[in-house]
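Laboratory data are not the source of any read-out in this text; all were calculated from the coordinates shown. Note that the coordinates shown come from a computational prediction; the quantities given were computed from them, not determined experimentally. All Cβ positions, glycine included, derive from the backbone under ideal geometry; neighbour counts span all protein chains shown.
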């Protein structure tokens, strides 16, 4: 189902969509080598961080510092990109004293602080307090451009994940009134924790489960497009800051799918559509599974009660035509047509695309999924998982637990 996009734009003027303005944008990038280098600190060295670093380096004015508890692995995988990637820095976001020496005098700080699973205390310590620590260090370090990557679907704060994300957003916007928040929907791409994970699960399980009919709606967004948006909003160009400072960028992809649709798409591209099924289970079954699985070491089978609860809500951009839409929201498609990313060509951002179909600048799941799931997909562990020092559980152990609980719920008949 394609997303319908209103023709109106939240930006103050559409004149900059002209060819002359785009020409100035790209001319400024082309002459960047003669300008002062900018130091940008990326806090968080996981899945999204790798793409953000590459997007930033595409502008020759930028130098990038990867900062996290263990940034060396990501640094090693990217150091071939050249001397724009500065030596990595080890930090602990729960210890403010480790942050300021790295962030001091940076031109921009991008916070990717976040976890997907954990205890209430871990969410508070890492997402809420850790995010606040990054925001405060940026303030003390004299940083002018501050960007936080958050998530769509957290309004209301029904889970520890959502509550702590919202608290961190509040801290960034209070400490830095011109900070920009980027809220992506479900992020996909090589190395993701969703499509790659379920494609692998489908090799072990006879079916992929959805809860409550799988009717909740998602707007999957390509990680490369999210990275482009982060590159744009981290600029210190006065025109960019004027348009995105203090705003929330809602980052949804070009299409909307139900959760059931996403499972079917996964099976299709994994080459398993004729051999595996999508089965709907009641939410209470998911809560029971989550109760047990969240207590076991994290693995590709891990699901928590909070994650099941989040599946009750849609995860999409707000409708531009909704009169109750907050005035501080900007769509990623509008952003990228208004300010072309540094690593693109003008042909991708034509006037026709900007005016008639802004979402044509975004990649869909059908463009990207065939490149990394299926028979040619890697069989190793899903990259980018946050283990927090815990050892992963064995596949056999977790598979047996999932099957046992599903059988007890009466949805799979145990073998005699």
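Here residue 178 and residue 366 are evaluated by their C-beta separation; at R0 = 35 Å the FRET efficiency comes out at 0.40. Modelled this way, with points 7 Å down the Cα-to-C-beta line, the labels at residue 319 and residue 268 are 2.6 nm from one another. Computed over all pairs of different Cα atoms, the Kirkwood value for the hydrodynamic radius of the stretch 204-282 is 15.2 Å. In terms of the mean number of neighbouring beta-carbon atoms within 10 Å, the peptides 319-328, 267-276 order highest first as 267-276, 319-328. Only Cα sites of the stretch 167-233 enter the Debye sum here, all with the same form factor; the resulting log10 I(q)/I(0) across q = 0.14, 0.18, 0.23 1/Å is -0.65, -0.87, -1.06, listed in q order.
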